[in-house]
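The values are calculated or read from the model by the stated rules, or taken from the named source; none is laboratory data. Small disclaimer: the values here were computed from a predicted structure and weren't measured. Note: ideal-geometry Cβ built from the backbone for every residue, glycine included; neighbour counts use all protein chains shown. Just so you know, the surface numbers come from the protein's heavy atoms only, side chains and all, with ligands and any DNA or RNA stripped out. Shrake-Rupley method; radii C 1.70, N 1.55, O 1.52, S 1.80 Å.
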Amino acid sequence: MASPLSGLASASPAQAPSIDLAFTPSGETLGFMVAASLSSAGLTATPSPLSWSSAYQRVFYESALNFSEGGYDAYLYVQALEPQVNPFAPLYALVAGSEGSVAANLTDYERTGSGAFLAAAETAIYEAYYELPILYIKPLWAVSPGLSGLNPTCSAYYPFPWDWSGIDNVTYLEYGIQPSTVLPLFGSSGLPAYAVFQPLVQPTSSGYEPCLAVNWTEENYTTWVIQLRSGVRFQNGEPMTADDVVWSVKTAMDPVTGSVVGGFYRDVLGDDVKFVLSNGTSYYSNGTTSSPQGEVVALSDQVVEFKLPRPFSLFYPLFMSSVYVYPMSSLAKIGDLELMNSAFSRGSSAVGTGPYQIVGIRPGAYVLRAFQGYWNGSARVKHVTVAFSTVSAAQAIGMLEKGEVQVVSYDFWPYQFYGYGQANATVKWLTGQPVVYAGVLLNLNSPYWGTGAYLPASKVNPLEKSIYAQELREALSCLMPRAYFAQALFYGFAQPASSPITPLQAAYAGISLPPELSYNGSLASEDLAQVGYNSTVSGLALAAYPKSLNQGEPLHLTGFAEYQGKPLGGAIITVMAGKPFKEVQKVTTTPMGTFNLTVYPPSGSYYVELTYPGNETAMGLIPPLSSPVEGPIKVVNWWEANAIYLVVLVVLVALLVVLVFHYMASRSGR
């Protein structure tokens, strides 16, 4: 009897769209699994790790281009969400402007602040599958037991160090490479940015609280008057005044600065803005004195007035939480054009109002010291080193146990180790609300899942191309096993997402979110057939593990098998390894299609094979953490790891032998 998998068909390579899935370091583990899930339908999904700055440049500035042209096809982003509209919603509004449902509701939401309009816009995004929501995630930190006072916040993934106590010198380990900037102005979201610089209002896990602003009033959502906190000083000793706020907004709005908030500010204040300092000196964003659309005016040393060209109900908190205040003296001296690459931006001369100041930079780390002149009192932890690393979660926790670090950031994905060390009090665990969101942003300029122009069905019926594009996006969403991701990667510290806005966010108070999205391989197959691809969804998805293993190191594999959208119980998962490949481990999937195994592969490399009773091979897979370009995951033994040194040693020995031979020959010739 033939296996039901023997007729497995995939989309034609000549027709099927190729998807480069971009992601930043914090999304790497999930990114490879998402790419593997898309590949299960015969699509060509290539994992493409990028730095945060590269991803930002591709998404916001080159979005009309595909990945190979310097833009992006799809972008998996993982970020903590504040109580605000999805930051990518304007991209949807541009594409869906003719439909009106997204753009109109977003405009009404900004005008009135009503959560009903936001919910309607998010529902339209959901129904059109402009984005693929994946998970809501609870951040999880591993912490030294001696450190107390940690309180996770909504805005930044971080328990802020000015709340800590118990240890005077703390090393905070962040995943990734050291960023090129510490300024929130340029998108820096690391701990140095939030410890050194501060906004007008500060997001917290329960909403917003005053920070550099203590009071504000508004009239018709178009005029906002902000009272600043008195007694605040920058870390260079200068007092913070309204002029610093005016100049910070002016700098951010200048297109040559290249700030991440410039476009948002121009949307709120207009392209032509008048800036007035407390001494009456005026500046114009367009360089002329033409009638401005908006104004930012220092009414006194401690009062700033914003005049908007149209109502914006989210000025508090959305706009105010984005305004970080920098000293005017530093910004004016450096200049907008030079700011991004300046020592101020890199951190060596950075000056803010926060509780910590940067006192040293070394490769892979920033050294912070408590600012004694901080307006809210000096922090109890006097020294914080923020170190960056890409070691595994197990290695990071090992560093914690040895006392080399005191906090391991959640983006090491330490979830599988939760509870480890609690019994003997060597590790303390801290978790927060599910405010971290993971989702896939699709480039809606794509001729496949954006406009639909290149889809086979569109060539037959071009008038329906937008409908076909939506069906393809639906297929991509249906291929996401969200519940499996939540369990396999986050061990219950995550839940499937249905919207880019989390249920915790204030704008959704009393509003129902769209229904939960679930895996549906059958519907994905139908959608792919509808748009012109012959694809039977079937395959094997694996959880994350290292790209290479040392000799004798165990390999842990978890995953699931499915066929046409249904769990494939009784399937045989075989690990092949060695040179030549030989079977080293075999398990049978549970009725739910899941499996879990541990093997000790010999040297060489390995792959995983899915078979079904009848002994017919259905699929041989290179595990997803090793891209097809790199080949199978390699197991390195001592001889292979030190081969180059052995070659050098042999050459040196041979050279020595030759020298000795010549020496002996010369002596015998005498």
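For this structure, a couple of remarks:
- Check on S188, among the small types (G, A, S), modelled with pLDDT under 95 and open to solvent by 50 Å² or more (accessible area, probe 1.4 Å): no
- Test: residue in the range 130-144 that is modelled with pLDDT under 90, open to solvent by less than 10 Å² (accessible area, probe 1.4 Å) and of a type in the set (G, A, S): no
- Here N279 meets the list (1) at pLDDT 90 or above; (2) within 30 Å of the chain's Cα centre (by Cα); (3) more than 21 Å from V182 (Cβ to Cβ); (4) open to solvent by 50 Å² or more (accessible area, probe 1.4 Å) almost entirely, failing just condition (2).
- Residue within the range 460-468 that is touching a residue at least 40 places away in the same chain (Cβ under 8 Å) and either open to solvent by less than 60 Å² (accessible area, probe 1.4 Å) or within 24 Å of Q79 (Cα to Cα) (or both) present: yes
- Selection within the range 174-183 - open to solvent by less than 20 Å² (accessible area, probe 1.4 Å) and either touching a Pro at 6+ places or on another chain (Cβ under 8 Å) or part of a loop (DSSP other than H, G, I, E, B) (or both): G176, T181, V182, L183
- Residue count for the range 220-231, restricted to those that are surrounded by fewer than 22 Cβ atoms within 10 Å (Cβ to Cβ) and in contact with a Leu (Cβ under 8 Å, 6 or more places away or on another chain): 6.
- From the list D267, D271, the lone residue that is part of a loop (DSSP other than H, G, I, E, B), over 15 Å from W224 (Cα atoms) and modelled with pLDDT under 95 is D271.
- Any hit, the range 317-333, residues being surrounded by fewer than 18 Cβ atoms within 10 Å (Cβ to Cβ) and farther than 20 Å from P184 by Cα: no
To keep it simple, each residue is scored yes or no on (1) in contact with a helix residue (DSSP H, G or I) (Cβ under 7 Å, 6 or more places away or on another chain); (2) outside any strand (DSSP E or B); (3) open to solvent by less than 40 Å² (accessible area, probe 1.4 Å); (4) modelled with pLDDT under 65.
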{"residue": "S10", "(1), (2), (3), (4)": "no, yes, no, yes"}
{"residue": "Q15", "(1), (2), (3), (4)": "yes, yes, no, yes"}
{"residue": "D20", "(1), (2), (3), (4)": "yes, no, yes, no"}
{"residue": "E28", "(1), (2), (3), (4)": "no, yes, no, no"}
{"residue": "M33", "(1), (2), (3), (4)": "yes, yes, yes, no"}
{"residue": "L38", "(1), (2), (3), (4)": "yes, yes, yes, no"}
{"residue": "S54", "(1), (2), (3), (4)": "no, yes, no, no"}
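- For the range 217-238, the set of residues classified as assigned to a strand (DSSP E or B), touching a residue at least 40 places away in the same chain (Cβ under 8 Å) and farther than 16 Å from V201 by Cα consists of T223, R233, listed by residue number.
- Matching residues, the range 444-472, being charged (D, E, K, R) and either at pLDDT below 90 or closer than 19 Å to G71 by Cα (or both): K459
- Among the residues listed as W429, W449, the single one being of a type in the set (F, W, Y), in contact with a helix residue (DSSP H, G or I) (Cβ under 9 Å, 6 or more places away or on another chain) and under 23 Å from F160 (Cα atoms): W429
- Qualifying residue in the range 432-454 (condition: on the phi < 0 side of the Ramachandran plot, among the polar types (S, T, N, Q), without any contact (Cβ under 8 Å) to a residue 24 or more places away in the chain and assigned to a helix (DSSP H, G or I)): no
- Residue check for E295: open to solvent by 30 Å² or more (accessible area, probe 1.4 Å), without any contact (Cβ under 8 Å) to a residue 40 or more places away in the chain, assigned to a strand (DSSP E or B) and of a type in the set (D, E, K, R): yes
- Scan the range 370-405 for residues that are touching a helix residue (DSSP H, G or I) at 6+ places or on another chain (Cβ under 7 Å) and either under 23 Å from F197 (Cβ atoms) or among the basic types (K, R) (or both) and the total you get is 4.
- The number of residues in the range 371-391 being open to solvent by less than 40 Å² (accessible area, probe 1.4 Å), touching a residue at least 40 places away in the same chain (Cβ under 8 Å) and not aromatic (F, W, Y) comes to 8.
- Qualifying residue in the range 239-248 (condition: open to solvent by 50 Å² or more (accessible area, probe 1.4 Å), at negative phi and modelled with pLDDT of 90 or more): yes
- Complete set of residues in the range 345-369 that are more than 19 Å from P199 (Cβ to Cβ) and either out of contact with any Lys or Arg (no Cβ under 7 Å at 6 or more places or on another chain) or open to solvent by less than 10 Å² (accessible area, probe 1.4 Å) (or both): R346, S348, S349, G360, I361, R362, P363, G364, A365, Y366, V367
- Residue count for the range 298-330, restricted to those that are assigned to a loop (DSSP other than H, G, I, E, B), among the polar types (S, T, N, Q) and at pLDDT below 95: 1.
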